[in-house]
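What follows is a single structure, written as structure tokens, with notes after it.
Computed from the coordinates by the stated procedures, all read-outs in this text should not be read as laboratory data. Not measured: the values here are computed from a predicted model. Quick reminder, even Gly has a Cβ in these numbers, built from the backbone with ideal geometry, and neighbours come from all protein chains shown.
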Amino acid sequence: MSQLYGAIEAGGTKFVCAVGTGPDDFREIRFPTFTPEQTLQQVIDFFAPFQKELQVIGIGSFGPIDLHPESQAYGYITSTPKAGWANTDILGTIKKHIDVPLAFDTDVNAAALAEGEWGAAQDWQDYIYLTIGTGIGGGVVSGGKLVHGLLHPELGHCLLPKHPEDGYRGKCPYHHDQCFEGLASGPAIAERWQQAAQSLPADHFAWQLQADYIAKALMGFVCTLSPQGIILGGGVMEQQHLIGLVRDKLKQHLNGYIQAPRLIDGMDSYLVRPDLGTRAGILGALLLGQIKLGGKHVLYSN
Ligand code: ADP
Ligand code: ZN
């Protein structure tokens, strides 16, 4: 019998759980993120019937998370701004009820892995997968390895200069209107304009401002990490017109300084949407599990 894998993409707005034998046979369910108690119970209920056949469950979670197995808080979502979710033992809670090996990493590291394996980044050694959704986060691959380092990258909390016409006080409880997430996450857009991001018309100034903030952050990443490409995922990027605005503004902000042809004539293939669409995260979680079972993976440096 073929091996059955489980995967969880834990997001601030929605959770995705899946079981199957591989990327082409992977049955998914999605449900909204409520309290940790309710939401993790739904996760446990989903996997319980498969417990005997499951080989592993890979978990890609919103962060910050503790990834150091020797740490007391290993497997926890730690200092998240998401209400009710700080210091949640996500791994321990699942482990208590579902007795299979668990693999654990950030949602964006998982998505970066999947795009490297099956998606837009198959030819890149240095790239970023950025999500702009409930929060903003990025998975970084550098020299062909997924970066973990001290903790894991937190690209959403880089400082950004505020737009002179923006009076919004910011959504990040740690950095207020000083960081990327505080200014440009889905909830920041909703609070600034007093309506859900998805209900703002395409010609609203909100999108110019949004593109400006994303492009400023990307300029920082281009200059510090020198990626060969950047993948932009997450709910906010579902606005189809946004990526074009970001490409234009990134060129504008870089102002011709970095002399790479990709940034001049190849912007359409430099800043891209995920090839795997909204499945990047859950397929990445599947890969995390497969790597845990199978050992090595070229992108995985842990
Ligand atoms: P999660 O953060 O749970 O992974 P998403 O990446 O879908 O989930 O992010 C959810 C955020 O994205 C919400 O703030 C929501 O308002 C915003 N969002 C979702 N769809 C759209 C859309 N089509 N246009 C603009 N914003 C969207
Ligand atoms: Zn912040």
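Name the shape class, rounded, prolate or oblate, that the alpha-carbon gyration tensor gives for the range 180-302, where a ≥ b ≥ c are the square roots of its eigenvalues, rounded holds for a/c under 1.5, and otherwise prolate holds if a/b is larger than b/c and oblate otherwise. Cα axes put the range 180-302 in the oblate bin. Restricting the chymotrypsin sites (Phe, Trp or Tyr not before Pro) of the range 1-72 to loop positions (DSSP other than H, G, I, E, B) with no more than 14 neighbouring Cβ atoms within 10 Å leaves F34.
Taking other C-beta atoms within 10 angstrom as a stand-in for reagent exposure, H152, H297 fall in the order H297, H152, fewest first.
With neighbours defined as other Cβ atoms within 10 Å of a residue's Cβ, the residues R279, R169, R273 order from fewest to most as R169, R273, R279. Among I57, I29, sorting on how many other beta-carbon atoms sit within 10 Å of each Cβ, with the fewest leading, yields I29, I57. In the chain, the DSSP beta bridges split such that about 60 percent are antiparallel, to the nearest 5. Highest mobility in the GNM of the chain, judged by mean-square fluctuation with C-alpha springs under 10 Å and restricted to D105, D45, D177, is found for D45.
Kindly identify the chain as rounded, prolate or oblate by the Cα gyration tensor criterion: order the square roots of the eigenvalues as a ≥ b ≥ c, call it rounded if a/c is under 1.5, otherwise compare a/b with b/c, prolate if a/b is larger, else oblate. Verdict is prolate for the chain. Taking each of K249/K292; K95/K145; K14/K249; K95/K162 in turn, the alpha-carbon distance tops 32 angstrom for K249/K292; K95/K162. For the range 121-273, give me the percentage of DSSP beta bridges that are antiparallel, rounded to the nearest 5 percent. Antiparallel bridges make up about 60 percent of those DSSP assigns within the range 121-273. Put +1 on the Cβ of each Lys and Arg and -1 on the Cβ of each Asp and Glu in the range 161-247; which of Q239, G170, T224 then has its Cα farthest toward the positive end of the dipole? Positive-most Cα among the choices belongs to T224.
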